[in-house]
Amino acid sequence: MNKHLAEFKSQLTTILDTKDIPIGLFSGKMGLCIYFYHLGKIENNERYTKIAEKLIDETFEQITTVSTIDIESGLSGIAIGINYLIKNGYVEGDENVILKEIDDEIFKQVSFQESDNNISILIQILFYIYIRKQSLQKEQEYLFNELTIQIINTLHTKIEYILKDNTIGFNINTDLPLFLFALSKIYQLNIYSYKIIKIIQEITPFLLSKFGFLNSKKLHLLWGISKINACIKDKHLAEYCILLTKQINIDDLLNEFRNKNMFVKDGISGICLLMLSLDKNEKQNLNLNTFYIKALEKIEKSLIWESLSNTEYLKRHIGLNGYCGVNMIMHIIRDSI
């Protein structure tokens, strides 16, 4: 595996000089910046830190070219990335000053209903608000609270679409689990809590009747329900989480993914990310060490490493949604075993 990692780092630093890499969090320079800061720290290698510094500079230079507000490739993802770098001591600065223009653009687009028809973006903005609320000054809190209320009310009117799942296989961007997760984060901020409880009570009968065939879909649903239920503590949802946990078979779960399905968005790395972020109760009921060992083995034997020499394939699979995300997940898992 060390050979694969060495080759990846070599290929990655080569294509960084190309001008067609986007600047977003999941598939662009913002995510690459986080990866290289992380790599520089764990390997104590200043060269990688210098690459990260160059990437953050390029991101700021090109940020005016971004008009979307989603997390994957838009402004809210860049803001979350900057927040991560500041909170972890990689860069210095005042978030409220640095992110003011991003905040303004997100407020404008959401307030004027430019994003109303995109459920996924509205769910992502709830998470962005949760992240930003950690460092807001008091005079800013009112506007963020009002934006939160507006988004939750809008999403409530679209609840029937959120409850639909048109994906065949696992996709980490599935709306329902992310909606439950986002609501749990907003609930922790004590914003519009009674409305969140009302929404969960309204959809609980549906949640209790939803039982996917695939282990990966069960895990994703378990993750979402367990997050919100850690806040509202509904007895029926707690019992359902126990049922879902018992129904997840680790071997069958891993076998649901083909040899190249290793990335975070729709592969084993995404499953690992969910496993790592499960609450303590769920972790105790799953044999995670066995899962992590088998998942690492499957990732290491994957055919994705044979595609490293394909520059175009590598460009499509860099960043946190690609090879960088896989490598970071592998490092976290090894530390967890």
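The values are calculated or read from the model by the stated rules, or taken from the named source; none is laboratory data. Being a predicted model, the structure only gives us computed values, none of them experimental. Glycine gets a Cβ as well: all are built from the backbone with ideal geometry, and neighbour counts include every protein chain shown. Side chains are part of the model used for accessible areas, which takes the heavy atoms of the whole protein and leaves out ligands, DNA and RNA. Shrake-Rupley method; radii C 1.70, N 1.55, O 1.52, S 1.80 Å.
Here are some notes:
- Candidate set from segment 179-207 (those that are among the aliphatic types (A, V, I, L, M) and open to solvent by 40 Å² or more (accessible area, probe 1.4 Å)); member that is farthest from Ala238 (Cα to Cα): Leu189
- The condition of being modelled with pLDDT of 95 or more, in a helix (DSSP H, G or I), farther than 22 Å from Met30 by Cβ and open to solvent by 10 Å² or more (accessible area, probe 1.4 Å) holds for only one of Ala238, Ala295, that being Ala238.
- Only one of the numbered conditions (1) in contact with an Asp or Glu (Cβ under 9 Å, 6 or more places away or on another chain); (2) surrounded by 20 or more Cβ atoms within 10 Å (Cβ to Cβ); (3) farther than 26 Å from Ser67 by Cα is violated by Leu39, and that is (1).
- Selected residue (criterion: nearest to the chain's Cα centre (by Cα)) from residues of segment 305-327 that are among the hydrophobic types (A, V, I, L, M, F, W, C) and under 16 Å from Gly77 (Cβ atoms): Leu320
- Complete set of residues in segment 68-96 that are of a type in the set (Ser, Thr, Tyr) and more than 18 Å from Ile123 (Cα to Cα): Tyr84, Tyr90
- Qualifying residue in segment 97-104 (condition: of a type in the set (Asp, Glu) and surrounded by 21 or more Cβ atoms within 10 Å (Cβ to Cβ)): yes
- Complete set of residues in segment 261-280 that are surrounded by 15 or more Cβ atoms within 10 Å (Cβ to Cβ) and in a loop (DSSP other than H, G, I, E, B): Asn261, Met262, Phe263, Val264, Lys265, Asp266, Gly267, Leu278
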